[in-house]
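Every number in this text was worked out from the coordinates using simple rules, so none of it is lab data. All values derive from a computational prediction rather than experimental measurement. Positions of Cβ are backbone-derived with ideal geometry, glycine not excepted, and every protein chain shown enters the neighbour counts.
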Amino acid sequence: MKTILGLLIILFCSTASFAQQYDTTPPYLKSKVLPDFTLLSKDSVPFTQAVLTEGKSTIVMLFNPECEHCQHQLELLLDMPEVAASANLVLTATETLKKINVFYDKYHLEKYPWISIGKDHKYFFGGFYKPKTIPVLAFYNKEKQLVYFNQGSVKKQQILDALK
């Protein structure tokens, strides 16, 4: 009986040692390139990164329209002329278009041509960045290479440093 139990334990341990390792590295750390994406605009029209102005940095911000931290983060970005002058801002949420549109109207985002806002209807960015909290900000340089990534709010100096 002890021999059978011993063999079962050895068999179980050897089987577990051959199990495949699961790679938990988020995709943004593997390629570090601005990914191809498709979002739904506030009018339910699909758009891609083709709408972004060439020759500018890009900031991707995952947010929730009802999140106070996200609202304060956007307010900081809107108050920084350096951001408007040098970057495209892509705001993306998985909430309903109705909530996104309320957010859009609250901040009068139509006044900011450097901002694109959309619903991540395919939940792409959640799988790409694997966020643990929001807001999430990913800064890409003009060459579309990731230069800074943060989960949670970002301070003014961090934004300025990321845009250099």
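Under the 0.36 nm per residue contour assumption, what length would be gained going from the current alpha-carbon distance of Gln21 and Gln145 to full extension?
Contour length minus the Cα-Cα distance gives 41.8 nm.
Altogether, the Stokes-Einstein calculation at 10 °C and 1.306 mPa s, with the Kirkwood radius of segment 45-117 over Cα pairs as Rh, returns a diffusion coefficient of 125 µm²/s. Applying the criteria of a DSSP loop state and at most 12 other Cβ atoms within 10 Å to the chymotrypsin sites (Phe, Trp or Tyr not before Pro) of segment 87-164 yields Tyr123. Between helix 68-78 and the chain there is an angle of about 50 degrees, using the helix long axis and the longest principal axis of the Cα atoms.
Each listed q (0.10, 0.17, 0.18 Å⁻¹) maps to a log10 I(q)/I(0) for the chain from the Debye sum over equal C-alpha point scatterers, namely -0.42, -0.99, -1.12. Spin-label model, Gln158/Glu95: points 7 Å from Cα along the beta carbon direction are separated by 2.1 nm.
DSSP beta bridges fully contained in the chain are about 60 percent antiparallel.
In the structure shown, the pairs Lys106/Lys155; Lys32/Lys98; Lys130/Lys155; Lys56/Lys99; Lys32/Lys122; Lys99/Lys144 are assessed against 25 Å; a Cα-Cα span above that value is assigned to Lys32/Lys98; Lys56/Lys99; Lys99/Lys144.
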